[in-house]
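Okay, so here's the structure we're looking at.
The values are calculated or read from the model by the stated rules, or taken from the named source; none is laboratory data. Note that the coordinates shown come from a computational prediction; the quantities given were computed from them, not determined experimentally. Heads up, the Cβs are rebuilt from the backbone with ideal geometry, glycines too, and the neighbour counts pull from every protein chain shown. We work out accessible area using only protein heavy atoms, side chains counted, and drop any ligands, DNA or RNA first. Shrake-Rupley method; radii C 1.70, N 1.55, O 1.52, S 1.80 Å.
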Amino acid sequence: MTTVPFAIPRPTHPTGVWSWITTIDHKKIGVLYGVTAFVLFIIGGLEALLMRIQLAGPNQDIVSPEVFNQLFTMHGTTMIFLAVMPLSAAFFNFVIPLQIGARDVAFPRLNAFSYWTFLGGAILLNSSWFLGGATNAGWFGYAPLTSTAQNPGNGIDFWIISLQVLGVASLAAAFNFIVTIVNMRAPGMSFMRMPLFTWMTFITAILLVLAFPVITVALIELYFDRTFGMNFFNVATGGDPVLWQHLFWVFGHPEVYILILPAMGIVSEILPTFAKKPLFGYSTVVLAGAIIAFMGWMVWSHHMFTVGLGPIPTAVFTLTTMAIAVPTGIKIFNWMATIWGGSMEYKAPLLFALGFIALFTIGGISGIMHAMASSDAQQQDTYFIVAHIHYVLFGGAIVAVVGGIYYWFPKITGRMYNEAIGKLNFWVMFVGMNLVFFPMHFLGLDGMPRRIYTYDANMGWSLWNGVSTLGALVLGLSFLIFIYNIVTSWRNGEAADGDPWDGRTLEWSMSSPPPEYNFAEIPTVYDRDAWWAEKRGQVHHGVPVGGGSGEEEHSIHMPQPSYWPIVVSIGLVIAGFGLVYHGTYFAVAAFGVLIGMIGVYAWSFEPVNDPE
Amino acid sequence: MWAFLGSDCMFFGSLIATYLVYKNRSLSGPLPVDVFSIPTTSVSTFVLLMSSMSMVLAYAALRRNRMKTFRIWLASTALMGMTFLAFQVFEFHAFANHEVVVDCTAPIGELTALEQSVAADCEPGQHEIEKQVGLTPRTNLFGSTFFTLTGFHGAHVTLGVVWLLSMFFLSFKKGAVTPEKELNLDLAALYWHFVDIVWIIIFTVVYLFGVFPGF
Amino acid sequence: MTQESQVIQHESAHPTPGTYFKVAMALSAITAIEVAVFYLEFVRHAIIPILVLLSGAKFILVCMYYMHLKFDDRIFSTMFVAGLVTASGVVMALMALFRFFA
């Protein structure tokens with residue numbers, strides 16, 4: 001394959017915009033993921049803030065009910081698909097190759113493609129705000145709210161198609177990380193020597209690979225119903241809206257673990273580092289993660305207790321749901337045992353990790369409460385559920401992610417963040433978070449339903465709603481502090497050396513920021529906390545065991561940048577717009593597919609490196 | 001690749017689940033028993049199975065560096081894939097234009113549900129009635145689920161044919177398809193076999209079970 | 001899935017064309033039996049288990065020989081079986097929930 005069709009000279013931009021557009025370096029892609037997802041997180045946060053302001057007092061009229069419906073739908077969709085998942089992906093990208101002792105991921109160009117496709121999906125979804133109104137049927141899109149009869153606008157179509165595009169991005173990334181973790185580990189790094197974050201990424205990727213096709217099929221069926229008048233969820237011809245609920249939650253529940261397992265991995269990295277102790281019960285934590293992922297497939301109908309599935313399914317799903325709390329509890333106890341008797345260094349990342357344990361446990365306990373079907377019947381669709389999901393998703397996933405950003409900030413940027421502001425950041429966030437979401441427990445038990453745009457003064461909900469809105473403002477402030485800290489430290493922070501935390505894992509064994517090729521020489525791994533072992537001179541008591549397959553060669557060839565990943569993504573997004581508008585616009589879709597095909601062919605015929 | 005195939009299992013699993021859940025829930029005909037022709041589909045199933053064999057033979061030939069044999073087997077694989085697709089197009093067309101002829105004098109109990117609904121239109125004294133009752137994705141739940149499931153399988157076959165043909169034409173370029181690069185062909189082959197085993201399931205679950213009363 | 005991966009170490013004994021041909025014959029024979037069983041009146045009540053077994057056999061033959069899982073590293077089988085088991089589990093559970101077996 002020496003002569004290349006579509007012969008466009010290879011991009012060779014070491015710096016500037018084009019270097020980012022054509023990059024296939026996992027570290028740069030990680031940064032792109034992180035920054036983009038954070039911007040989208042802020043958008044989702046502003047949507048939430050608008051809702052909180054609307055609900056601050058009774059009978060307010062700041063946003064209309066129609067806009068309110070769009071706000072909560074887009075808030076949920078944005079936070080899950082455009083913020084938490086890609087923030088996790090940012091860590092996968094930046095950290096995984098460094099942790100396993102590889103120079104890049106297995107398919108660097110596919111990795112770039114994942115990022116650009118994710119960006120395209122995000123633009124597609126958010127463009128609906130300006131093109132006739134965003135989707136308004138809730139992030140779960142229950143039939144028949146999504147039928148053309150109920151919902152003639154194209155907001156739903158934008159939602160369907162952009163979730164498909166995002167699904168492509170997530171699947172591509174998941175395949176990439178599975179192959180990377182299976183094939184690219186440094187010699188000696190057996191599965192049971194992998195850092196915990198790598199383990200959780202691996203499990204998350206497997207979950208993604210298995211869960212996303214289900215939502216893909218459900219969305220295809222919905223799209224066919226809406227566009228071609230088929231009968232999947234059409235009650236008049238015998239279709240059953242409950243099938244949508246099943247398909248959605250068969251995907252949706254594993255998705256919950258897709259969101260939380262990476263956060264658990266981050267916490268499992270931070271705690272031992274700052275407690276100066278190895279993780280307590282490493283193999284138990286790994287096993288608990290795997291069991292959670294496996295059992296995550298057996299609990300989905302607990303989202304549907306009030307549908308009326310009958311006593312036997314309800315009992316079965318109650319039991320499985322309660323059982324899944326056991327491996328989660330095991331993890332929490334392992335983390336506590338890790339810090340027990342450790343010589344703790346209370347740096348900002350540790351504070352966030354400890355905050356995670358506290359808040360996630362509260363969310364877990366309220367989760368057990370509605371695992372009980374009879375009690376769930378009272379709580380279904382009330383603010384109690386809102387409180388629960390935000391304790392696990394905000395108190396869990398987001399707090400851990402922010403902690404992870406502080407933890408790896410020196411490695412990513414080569415500079416230290418401001419420790420005092422970092423701690424302040426944690427406390428403001430911790431107080432704000434509890435102020436917003438704890439009163440929602442009371443509101444829920446008091447019967448306030450979710451997704452209502454206003455309420456009457458005599459309902460008795462005014463006080464706690466006011467408190468909650470105040471908390472939302474505090475929470476917003478904490479993110480302003482965060483942004484300030486990150487931006488100023490990135491510009492003028494103190495230079496960080498390679499290993500500011502006395503880290504345990506391989507990413508701390510190189511300079512900060514890491515060189516483009518990561519490892520000058522692929523390390524050999526003899527122990528679980530490989531870098532600790534090496535620093536403490538315990539390297540020669542073991543022999544490397546099988547597993548991993550680092551390259552032998554010593555001259556470093558890095559794959560060259562490429563235009564084609566972004567071309568394929570652009571084709572995909574054009575096709576997406578065509579599908580949204582359907583009818584004659586299918587021609588646009590065909591054009592997009594054509595661009596994508598050209599991109600795929602050019603990509604396949606492009607050698608990884610030009611011949612020298 | 002295996003991870004991708006595991007993922008695709010879930011894709012077809014969901015489609016098959018939808019099909020089965022909605023089986024026997026259609027409110028109107030035609031139903032599988034009205035339109036399926038087992039002999040025709042058996043032939044196309046056989047063709048697809050044989051294409052899997054020629055695929056492995058192509059792979060074996062490439063490993064032994066017998067380029068000519070390799071090309072013959074690869075081309076016949078793609079050709080059989082196209083034959084299968086032609087069968088599918090023919091079948092979809094036949095379903096969409098399905099016609100029934102009902103004897104108006106026959107006792108109701110001997111007629112299928114679809115025939116009964118057609119017979120309801122018999123004028124007094126009429127002996128025979130002929131009516132077009134096509135099955136399209138819009139007709140009923142069976143139509144929606146059946147065409148979506150088999151249609152996506154067909155799309156997979158189409159993609160496979162494009163992939164195989166690309167490799168076929170590429171093989172005329174020197175050094176593009178060689179025994180050292182057998183992994184590229186291996187991946188295409190794995191995909192092709194996967195599409196085949198999905199069809200093994202569809203043939204049994206949708207076609208054979210479909211016509212069997214009481215399932 | 002391009003040349004970027006220098007992955008995968010599945011260089012064990014591959015079957016010969018002869019084996020492939022035998023497997024193809026077996027597959028055709030099973031399909032023929034399936035269709036034949038289908039037209040036999042006296043096995044009516046047992047037809048579903050029989051067909052499930054026969055097509056299961058075809059499935060396994062293709063996976064083991066044509067897709068050379070039999071000769072590959074365990075990790076590949078694990079990946080694939082994970083997908084397969086989850087998929088069939090979900091299909092069965094959904095059918096049960098919609099009272100398909102009742």
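Rounded, prolate or oblate for segment B:51-149? Axes are the square roots of the Cα gyration tensor eigenvalues, ordered a ≥ b ≥ c, and the cut-off for rounded is a/c under 1.5.
Because a/c hits 1.5 or more and a/b exceeds b/c, segment B:51-149 counts as prolate.
Sort by residue number and report every cysteine in the protein assembly as shown with no other cysteine beta carbon within a distance under 4.7 Å.
Result for the protein assembly as shown is B:Cys9, C:Cys63, no neighbouring Cys Cβ within the cutoff.
How big is chain B along each principal axis, measuring the range of its Cα positions in Å and listing the largest first?
76, 31, 24
On the accessible surface of chain A, probed at 1.4 Å, how many percent belong to carbon and sulfur atoms?
The C+S portion of the solvent-accessible surface of chain A is 70 percent.
Other chains near B:49-60: what is the mean number of their Cβ atoms within 10 Å of each residue's Cβ?
Other-chain Cβ atoms within 10 Å of each residue's Cβ, averaged: 5.
With unit charges on the beta carbon (Lys/Arg positive, Asp/Glu negative), name the residue among B:Leu15, B:Asn65, B:Gly154 whose Cα is farthest towards the positive pole of the charge dipole of chain B.
B:Asn65
Residue by residue, what Karplus-based ³J(HN,Hα) values in Hz, rounded to whole numbers, does segment A:81-95 have, using 6.51, -1.76 and 1.60 with θ = phi - 60° and x for Gly and Pro?
Those phi angles translate into 8, 10, 10, 5, 4, x, 5, 4, 4, 4, 5, 3, 4, 6, 8 Hz.
Mind pulling the per residue volume of the convex hull built on the Cα atoms of segment A:67-168? Å³ is fine.
Expressed per residue, the convex hull around the Cα atoms of segment A:67-168 is 93 Å³.
Need the C-alpha centroid separation for segment B:101-180 versus segment B:5-68, integer Å.
Segment B:101-180 and segment B:5-68 have Cα centres separated by 13 Å.
Over the whole of A:171-181, what's the average partner chain Cβ count within 10 Å per residue? Rounded to a whole number, please.
Across the residues of A:171-181, the mean count of other-chain Cβ atoms within 10 Å is 3.
Let a ≥ b ≥ c be the square roots of the eigenvalues of the Cα gyration tensor of segment C:14-71; is it rounded (a/c under 1.5), or, if not, prolate (a/b larger than b/c) or oblate?
oblate
Could you work out the equivalent-ellipsoid semi-axes for chain A, taking the square root of 5 times each eigenvalue of the Cα gyration tensor, largest first, in whole Å?
Equivalent ellipsoid semi-axes, largest first: 38, 32, 23 Å.
Using a probe radius of 1.4 Å on protein heavy atoms only, what is the accessible area buried between chains B and C, both sides summed, to the nearest 100 Å²?
The contact between C and B buries close to 4200 Å².
Could you tally up the Lys pairs in chain B with alpha carbons closer than 25 Å? Skip any pair fewer than 8 positions apart unless they're on separate chains.
The number of close lysine pairs in chain B is 5.
In terms of the Cα gyration tensor, with a ≥ b ≥ c the square roots of its eigenvalues, is segment A:133-278 rounded because a/c is under 1.5, prolate because a/b exceeds b/c, or oblate?
prolate
Dimensions of segment A:85-144 along principal axes (Cα, Å, largest first)?
In descending order, the Cα extents are 49, 21, 16 Å.
Take peptides A:402-411, A:382-391, A:273-282 and line them up by average Cβ neighbours within 10 Å, highest first, as a rough protection proxy.
Output ranking for A:402-411, A:382-391, A:273-282: A:402-411, A:382-391, A:273-282.
Can you give me the relative contact order of chain A as a percent, contacts being Cα pairs under 8 Å and 6 or more apart?
Over chain A, the number comes to 20 percent.
For A:Lys276, list the lysines whose Cα falls under 22 Å from its own Cα; do not include residues on the same chain fewer than 8 positions away.
A:Lys331, A:Lys347, A:Lys411, A:Lys423, A:Lys535
Would you work out the charge dipole size for segment C:17-102 about its Cα centre, treating the Cβ of every Lys and Arg as +1 and the Cβ of every Asp and Glu as -1, and quote it to the nearest 20 debye?
About 60 debye.
At what distance in angstrom do the alpha carbon centres of segment A:120-158 and segment A:194-254 lie from each other?
Measuring centre to centre over Cα atoms gives 17 Å.
Shielding of B:185-196 by partners, i.e. mean partner chain Cβ atoms within 10 Å per residue?
3
How many times 2.2 N^0.38 Å is the alpha carbon radius of gyration of segment A:187-241?
Expressed relative to 2.2 N^0.38 Å, the Cα Rg reads 1.95.
What are the residues of segment A:228-248 that lose 40 Å² or more of accessible area, with a 1.4 Å probe, going from their chain alone to all protein chains?
Residues shielded by partner chains are A:Met230, A:Asn231, A:Phe232, A:Thr237, A:Gly238, A:Asp240, A:Leu243, A:His246.
Quick query: amide H of A:Thr382 versus all other amide H atoms, modeled in the peptide plane; which residues come in under 5 Å with a sequence gap of 5 or more or a different chain?
The answer is A:Arg450.
Rounded to whole Å, give me the distance from the Cα center of segment A:358-395 to that of segment A:436-456.
Their Cα centres are 13 Å away from one another.
Report the charge-dipole magnitude of the protein assembly as shown in Debye, nearest 20, computed about the Cα centre from +1 at each Lys and Arg Cβ and -1 at each Asp and Glu Cβ.
1480
Based on alpha-carbon positions alone, could you give the equivalent ellipsoid semi-axes of segment A:25-111 from the gyration tensor, as √(5λ), descending, whole Å?
So the equivalent ellipsoid measures 38, 10, 8 Å along its semi-axes.
State the answer as a single residue: which of A:Ser88, B:Cys104, A:Ile421 lies farthest towards the positive end of the charge dipole of the protein assembly as shown, with beta carbon charges of +1 for Lys and Arg and -1 for Asp and Glu, about the Cα centre.
Of A:Ser88, B:Cys104, A:Ile421, it is A:Ile421.
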